[in-house]
1. Taking 20 °C and 1.002 mPa s as the conditions, I'd like the Stokes-Einstein D for segment 112-185 in µm²/s, using the Kirkwood hydrodynamic radius from alpha carbon pairs.
2. Report, in degrees rounded to the nearest 10, the 0 to 90 angle that the Cα long axis of helix 154-179 makes with the longest principal axis of the chain.
3. Answer with a single label: of (1) 16.2; (2) 19.3; (3) 16.8, which was calculated as Kirkwood radius over Cα pairs in Å from the structure in view?
4. With the other protein chains left in place, how much accessible area per residue, in square angstrom, belongs to segment 1-123 at a 1.4 angstrom probe?
5. For helix 12-37, report the angle its Cα long axis makes with the longest principal axis of the Cα atoms of the chain; keep it between 0 and 90° and round to the nearest 10°.
6. Quick one: which of K18/K103; K69/K183; K18/K69 span more than 21 angstrom between C-alpha atoms?
7. If ligands, DNA and RNA are left out, what is the accessible area of E126 with a 1.4 Å probe, given in Å² to the nearest 10?
8. Carbon-plus-sulfur fraction of the accessible area of the chain, 1.4 Å probe, in percent?
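The values are calculated or read from the model by the stated rules, or taken from the named source; none is laboratory data. This structure is a prediction, so every number in the text was calculated from the model and none was measured. Surface accessibility is based on the protein's heavy atoms, side chains included, excluding ligands, DNA and RNA. Shrake-Rupley method; radii C 1.70, N 1.55, O 1.52, S 1.80 Å.
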Amino acid sequence: METTTTTTTVNLKQEALKNGLIWGAINVIIFLATWYTAPSLMSSYAYAGVTFLIGIGLAVFFCLDMRKKAGGFWTFGEALWNIFVMFLLSMAIMYVFNVVFGKYIDQTYPQTMKELVMTKTESTLESLGMTEDQIAEAMASSQEDLDKQFTPTFSQAVTGFGIASIFYFIGAMIFAAIFKKNKPVFLGGTED
């Protein structure tokens, strides 16, 4: 009795792009839902924590999905570049959306977020027991950082995107190391 196995070739680059688009769209939906229902949550640690956990969950889901579509096995290099493309695309969508949203859709967004963050920062600094001069100095520094974040110049946007890309590449390396799975030697894989 002869058994035949068929392997389906999936274009992992297309899967990474598709997953990155889906992830970016989910981030935009979460952002809009939060902004229009409870904007004050956006400056909270709880919001940051929940969005971080959702991001980790989506990253794990999409990595496992791509590995399954690759036949259950992929090397570190295959995993790295596809995961990085997915991470980078999802981040780029959210980055561009934030800039477009603040400049063209809802011009109150940058100012409102700055005010929320500055209020949170001031209360945190006061709870740490800092003097008025130390608080004023820290608040001035925070104001500059927030201006760069919410109303960046073109060069600041490019620099910010580049720095974020480096961190996403490091994250992709970690995920690739976790989710790589080489073929066993008896299935035609190479020894590592």
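1. Details: Rh = 15.5 Å.
The Stokes-Einstein estimate is 138 µm²/s.
2. Approximately 40 degrees, to the nearest 10.
3. From the options (1) 16.2; (2) 19.3; (3) 16.8, the structure gives (2).
4. On the way: 7160 Å² over 123 residues.
Roughly 58 Å² per residue, with all protein chains present.
5. Around 30 degrees separate the two axes.
6. Numbers: K18/K103 27 Å; K69/K183 14 Å; K18/K69 13 Å.
Correct reply: K18/K103.
7. Ignoring ligands and nucleic acids, E126 comes out at about 100 Å².
8. Working: 7890 of 12100 Å².
Its accessible area is 65 percent carbon and sulfur atoms.
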